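The values are calculated or read from the model by the stated rules, or taken from the named source; none is laboratory data. Just so it is clear, the structure is predicted and the values come from calculations on it, not from any experiment. For neighbour counting, all protein chains shown are included, and Cβ atoms are generated from backbone atoms with ideal geometry for every residue, glycine included. When the accessible area is computed, the model is the full protein with side chains, heavy atoms only, and any ligands, DNA or RNA have been set aside. Shrake-Rupley method; radii C 1.70, N 1.55, O 1.52, S 1.80 Å.
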Amino acid sequence: MTVTGDGRNTATSPLAASAGLTDDDLLAMYRTVLLSRAIDERMWVLNRAGKAPFVISGQGHEGAQVGLAWPLRRGYDWIAPFYRSITTCLAFGMTARDLMLAQFAKASDVSSGGRQMPGHYGSMERHIVSVSSPVATQILHAVGIALASRIKGEDAVSVAIMGEGSSNQGDVHEGLNFAAIHRLPFILVIENNGYAISVPAEKELSVKDVASRASGYGVPGVIVDGTDVLACYRAGRDAVERARSGGGPTLIEAKVTRLTAHSSDDQQTKYRSEDDLAQGRAHDPLPIFREQLRDAGVLTDELEASMADEIRSIVEDATTFAEGEPDAEPSTALDHVYGDATGAEPAPPWHPSAGARSEGPAA
Amino acid sequence: MTTRTLIEAIRDGLSEEMRRDPTVVVMGEDVGKKGGVFLATDGLWAEFGDNRVIDTPLTESMIVGTSIGAALNGLRPVAEIQFADFIHPAFNQIVSEAARLRYRTQGGFAVPMVIRAPYGGGVHGALYHSQSVEAFFTHVPGLKVVVPSTPYDAKGLLRSSIRDDDPVLFFEHKRMYRSVRGDVPDGEYTVPLGRAAIRRQGRQVTLVAYGLMVAFGLEAAEQVAGEGIDVEVVDLRSLRPLDRETLLGSVRKTGKCLVAYEDNRFGGYGAEIAAIVAEEAFDFLDGPVSRIAGPDVPAMPYNHVLEDWFMLSPAKIADAIRRLAAY
Ligand SMILES: Cc1ncc(C[n+]2csc(CCOP(=O)(O)OP(=O)(O)O)c2C)c(N)n1
Ligand SMILES: [Mg+2]
């Protein structure tokens, strides 16, 4: 182990070196995946316990998400994620408490104050564009953000992320075309888990790989195995470098698996065979990444034990904290329709502030 | 003071705001070298260059969606939709995204952008170059909707819209672009959103209108004035936010309210005005709140006889005023 003056471990196993990273980087990535999985699993427990009406999951996508998010500059670059981006958002600076506050939809939920469904994360200060439910709209926001960066002379990179089913939307065509014309610092990540709810890829895509469509826009299309975290990292890093240096957009397709039902409202055994589900479990990125790190000597029994303890307490803390937070007051539900009070319509007669107009945002 | 047409006033408003604020950019189809199909952006590209006057591909959802993104990242985009009739591909971006981003993030994200779109009929534009689309958007909390009827207002309202921190739909009547002239001050001024203007004082009937219907309404008021019917004409200017005080103040004075709008009648914006007046000025009314509006067919036909049949006119409005005044 090589420890620097500031206590950082700069040890570099051959595995880490192969990606230009340190062992600490690998452990931090692994910890993010573990934490994401633990929070996600807790959300399902809360759902079954009747404490959270809705869960949408990132399980199976974590390896791709952590690898692809890692090369980005947190809070400087931009991401426009989707409802499965739990690991991406953790890697981009959101905390376990932030995620649990959204899960419980509390007033202090930093993403939306409990207005959106769980899983719809967002943060202006972290440059995480608020997740929307209509799929694929975010590609255009990310492209517009990249355009603004270009116009302002900044070198921030902007990334849109969505599923393969969503990639069929017209906005994706319109966005890729425009980003490619102007060689914008933009990356489109497709997390292809083979299903759009119940519809399998062969019924939603005319081609085997979404990445093959990239050539139609004159941009590179890259396919990565979502269980190979370092391959995802390298693909992300190359795309970020290309984008930042003026080389234009990249489309990255990560082949992932959806380990859970589409959401807590879905029963996937109705449309997926036992065989298919077993294959999915064999492509769980978590044990694969773990084995890789253990084989490389980066992850040890002691480290695993201490990480498990730490994560257990983080999840415990986040859950207890979020559950105990107050719900939003209905009297605040008229707030933030417009930035100023002049735009608002009067409150309805049964509203606590009937007759009054909604205030704009707190100054 | 200088005399300007409506479109000249819009062009002046755009270029002056672009000079004042380097974050203002213009995006749309043909807005660059050509200066827009109506020449609203003529000269802007020569002055401000490729970075701030952007010719986009023929993709309306992208024009609005990337404008939203650019607004999130510090710009104030003014998107042009070539004709209001072609705004529908962008409907999802406007309604699901632009209108809701502030609300769904508790004010964390704001979308300061303007969408300009030429609207309206009587220009031989047929089904797809004549529509009024304001009702689709006035229904949506989070959006502001503005329709100027004079060059003075067009420039002043456009400036306020660009400076506003929320998405504003700015609808310009095509038939007024060059047919309407008016005095515009040389210096800097704005017209605030959410304030109606009384264009003609009167005691017997309130005529509520916006856009081209203001001009038609003023002519109609002159026609019936000779018959002893004294009409007050309220130009809403800003459909959302709505200036209830001016609207209700006028109706409480006259006791009669007629709403004129060019769009087809059923479910149109004027229906909301009628409902508000009926609810909030009921005690003052001595006649039915009435609407004069376009017929309920899917869109405006091309043939000039059929187009005339669809369009309101000063004469049609005058007839409606007479019917209401008879109560
Ligand atoms: C425009 C739109 N249509 C339908 C839906 C309902 N819906 C939500 S997710 C989804 C499937 C998305 O599949 P994919 O993009 O592959 O992402 P995945 O959920 O598989 O990760 C559908 C149909 C929606 N949210 N938005
Ligand atoms: Mg999918």
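Output the residues belonging to the range B:3-59 that are away from every other protein chain (no Cβ under 14 Å), of a type in the set (Ser, Thr, Tyr) and part of a loop (DSSP other than H, G, I, E, B).
B:41
Within the bounds of the range A:196-213, is there any residue that is within 14 Å of chain B (Cβ to nearest Cβ) and part of a helix (DSSP H, G or I)?
The answer is no, given that none of the residues of the range A:196-213 is within 14 Å of chain B (Cβ to nearest Cβ) and part of a helix (DSSP H, G or I).
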| query | Hey, among the residues in the range A:151-197 that are within 16 Å of ligand 1 (Cβ to nearest atom) and open to solvent by 50 Å² or more (accessible area, probe 1.4 Å), which one's nearest to residue A:140 (Cα to Cα)? | reply | A:173
| remark: When every residue in the range B:147-161 that is touching a Gly at 6+ places or on another chain (Cβ under 8 Å) and not in a loop (DSSP other than H, G, I, E, B) is compared, the one surrounded by the most Cβ atoms within 10 Å (Cβ to Cβ) is B:154
| field | Residue that is touching a strand residue (DSSP E or B) at 6+ places or on another chain (Cβ under 6 Å), within 30 Å of residue B:23 (Cα to Cα) and either without any contact (Cβ under 8 Å) to a residue 12 or more places away in the chain or buried (at least 24 other Cβ atoms within 10 Å of the Cβ) (or both), where the choices are B:233, B:208, B:168, B:214 | value | B:168
| If you go through the range B:180-195, how many residues are out of contact with any Leu (no Cβ under 9 Å at 6 or more places or on another chain) and within 14 Å of chain A (Cβ to nearest Cβ)? | 1
| query | Are there any pairs, at least 6 apart or on different chains, whose C-beta atoms fall under 8 Å, with the first in the range A:307-335 and more than 23 Å from residue A:26 (Cβ to Cβ) and the second open to solvent by less than 50 Å² (accessible area, probe 1.4 Å) and among the β-branched types (Val, Ile, Thr), and if so, which? | reply | A:318/A:39
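Being within 20 Å of residue B:78 (Cα to Cα) and within 16 Å of ligand 2 (Cβ to nearest atom) is the filter here, so list the residues in the range A:133-178 that pass it.
A:138, A:139
Count, please, the residues in the range A:136-158 that happen to be of a type in the set (A, V, I, L, M) and more than 7 Å from every other protein chain (Cβ to nearest Cβ).
5
Residue-by-condition table, conditions (1) closer than 18 Å to residue B:40 by Cβ; (2) modelled with pLDDT of 95 or more; (3) among the charged types (D, E, K, R):
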residue	(1), (2), (3)
B:69	no, yes, no
B:83	yes, yes, no
B:103	no, yes, no
B:118	yes, yes, no
B:137	no, yes, no
B:145	no, yes, no
B:153	yes, yes, yes
| residue A:38 being more than 23 Å from residue A:222 (Cα to Cα), open to solvent by less than 20 Å² (accessible area, probe 1.4 Å) and either touching a residue at least 12 places away in the same chain (Cβ under 8 Å) or of a type in the set (A, V, I, L, M, F, W, C) (or both) | no
| note | In the range B:1-44, anything surrounded by fewer than 16 Cβ atoms within 10 Å (Cβ to Cβ) and among the hydroxyl-bearing types (Ser, Thr, Tyr) is listed as B:2, B:3
